[in-house]
Amino acid sequence: MHVFRIIKYWGNKKCILCIAFAFLSISCISQEIAKIRIDPALAFGGDFSDVFEDVEYIPLETTKESIFGNTTTFIIAEGNYVIWDEDTRYILFFGSKGKFLKKIKVDQYIYPSIYYDAQSKFVTVLLSNSQTQRVQNLHFDKNGNRDLKWLRASTPYSEFNFLLPLTENYFVKPNSCYLAPSQRANDSTINLIEIYKGNNLHKSFLPTNQKDNLALCTLGLGQAPLGNISKDGVFYTATPFDHLIYKIDKDTAIKAYQLVFPTNTSLSRKILNSRNRKFIDSVNNTKWYDDNTIRMVKNIFVVNNYLLFKLDRVIYFAGESSESNRQNDFIYNLTSGKLISFEHITSDKRSFYLPFFDKTEHFSIRGFLYDGSYFYTAISSLNMFTAKNNNNYKHPQYPEALQRYFVSQNRKSNPVMVRMKLKSSID
């Protein structure tokens, strides 16, 4: 079994709709939806130790062979780190303690996507060539060794579909109803999420119609972004603008929550519900958003009794700020209703007064990575050394790995991975 399966599915995709719920419907399921009112401007902050019970800083080995620029993308593969660096155009493999293992060159005009399949234990690299318009997928183990059993010729863009691993022999395929400006809307059902068993369609969820959902398919980019898939094959997604959160497994898509944001951050109902293509095109040709507008919610996790999510705003701001439109990553206590902004959490003794995420545009867009047990981020050495110098007077007690790092490395060294465990009870 491997992450990507090239498939051809001919025939009608049938879905029995039991309930039409304003914006989108799902197959054969009805339930009450918990509406959660979220005002980012009223989010609390706190100390690192109020939210996380454990942290480990893991410097990535810096040698002439392993040095790279930024963690453009990274994944966790059985505790190891696999990183795509756009500056050097290498995919690099590091061990769980940061030891450099191997790197793979990516040619110009090729843009990789990296995924990990916990079932097969494959790291799959999807290579998209913008010049030849072809796609190739390669398979590696967690140490960067190529698995030659999966040799496959590249495939044209038009024929390539990929499925992400859900659980044993089940895969999820995200679709899009995206409608380009002035493009004619189709009066047919597009399922934003499809589940396959092997190469055969098993279930279809989140059916939508371009004519009925013009705002979603144009201004909302026509997609419901996938979150991290848990070990038991569950993930969360949300539809743009109405922020309906679905809990999805191989058999069901359940409406779990609906997040309701302040009016000044939301798309108006007039636009959201419009079926007038000329009106939506006129909106699209103007600045229909401002600095606060939230397009969608993504990177959704439910851990213990907490709902974690990030806001995907139309405009991102990089850097530190207390302004509400720069707070994008949140944890919501489902019992007490308390909302915490990760951007408002300050480092303390437990985190050695070091940063636990880079306050940059990259983090604002990506957010945390979660493997079911730990949250991960990457910190540049520049920020690590700056924080160390600024907080020397606090006399932090660094663990051995960080002591070696600060003695042997410098501001230009490789980034440091941060692994954090959320507290089971957050006051």
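Every number here is computed from the coordinates shown, using simple stated rules; none is lab data. Note that the coordinates shown come from a computational prediction; the quantities given were computed from them, not determined experimentally. Glycine gets a Cβ as well: all are built from the backbone with ideal geometry, and neighbour counts include every protein chain shown.
Of all DSSP beta bridges confined to the chain, the antiparallel ones make up roughly 95%.
Extension gain for the segment Ser130 to Lys197, taken as residue separation times 0.36 nm less the Cα-Cα distance, is 21.1 nm to one decimal.
At a Förster distance of 30 Å, what's the computed FRET efficiency of Ser408 paired with Ser49, Cβ-Cβ distance as r, to 0.05?
Rounded to the nearest 0.05, the efficiency is 0.60.
By other beta-carbon atoms within 10 Å, ranking Glu168, Glu53 with the fewest at the front produces Glu168, Glu53. Extent of region 68-217 along its three principal axes (Cα atoms, max minus min coordinate, largest first): 53, 34, 29 Å. When the chain is treated as a Gaussian network with alpha carbon springs shorter than 10 Å, the biggest mean-square fluctuation among Tyr257, Tyr170, Tyr157 belongs to Tyr157.
For the options Phe74, Phe342, Phe140, a Gaussian network treatment of the chain with springs between C-alpha atoms closer than 10 Å singles out Phe140 as fluctuating the most.
Relative contact order for the chain: what percent, with Cα pairs under 8 Å and sequence separation of 6 or more?
Result for the chain is 18 percent.
Among the trypsin sites (Lys or Arg not before Pro) in region 239-323, which ones are in a DSSP loop with at most 14 other Cβ atoms within 10 Å of the Cβ? Mind listing them? Loop-located and lightly packed - Arg275, Lys287. Relative contact order of region 105-244: 15 percent, from C-alpha pairs under 8 Å at least 6 residues apart in sequence.
From the square roots a ≥ b ≥ c of the eigenvalues of the alpha-carbon gyration tensor of region 114-194, which class results: rounded (a/c under 1.5), prolate (a/b over b/c), or oblate? Taking the square roots of the gyration eigenvalues as a ≥ b ≥ c, region 114-194 is oblate.
Near Lys287, within a Cβ-to-Cβ distance under 15 Å, what is the net charge of the other residues, with Lys and Arg +1 and Asp and Glu -1?
Numbers: positive: Arg295, Arg313; negative: Asp281, Asp290, Asp291.
Around Lys287, the surrounding residues sum to -1.
Averaging the Cα positions of each part gives two centres, and for region 217-278 and region 186-215 these lie 14 Å apart. From least to most packed, judged by other beta carbons within 10 angstrom and beginning with the fewest, His344, His139 follow the order His344, His139. A straight Cα-to-Cα reach below 18 Å connects Lys142 with the aspartates and glutamates Glu61, Glu78, Asp85, Asp117, Asp371, residues fewer than 8 places away in its own chain not being considered. Annotation: amide H of Phe52 within the under-5 Å range of Lys423, sequence separation 5 or more or interchain, hydrogens built in the peptide plane. Between Arg275 and Thr335, the simple label model (points 7 Å from Cα in the Cβ direction) yields a spacing of 4.6 nm.
In summary, the lysines within cross-link reach of Lys423, defined as a Cα separation below 18 angstrom excluding same-chain residues under 8 places away, comprise Lys338, Lys349.
Of the residues Tyr289, Tyr332, Tyr109, the one that moves most in a GNM of the chain with alpha-carbon contacts below 10 Å is Tyr109.
Placing pseudo-labels 7 Å out from each Cα toward the beta carbon at His344 and Asn264 gives an inter-label distance of 1.6 nm.
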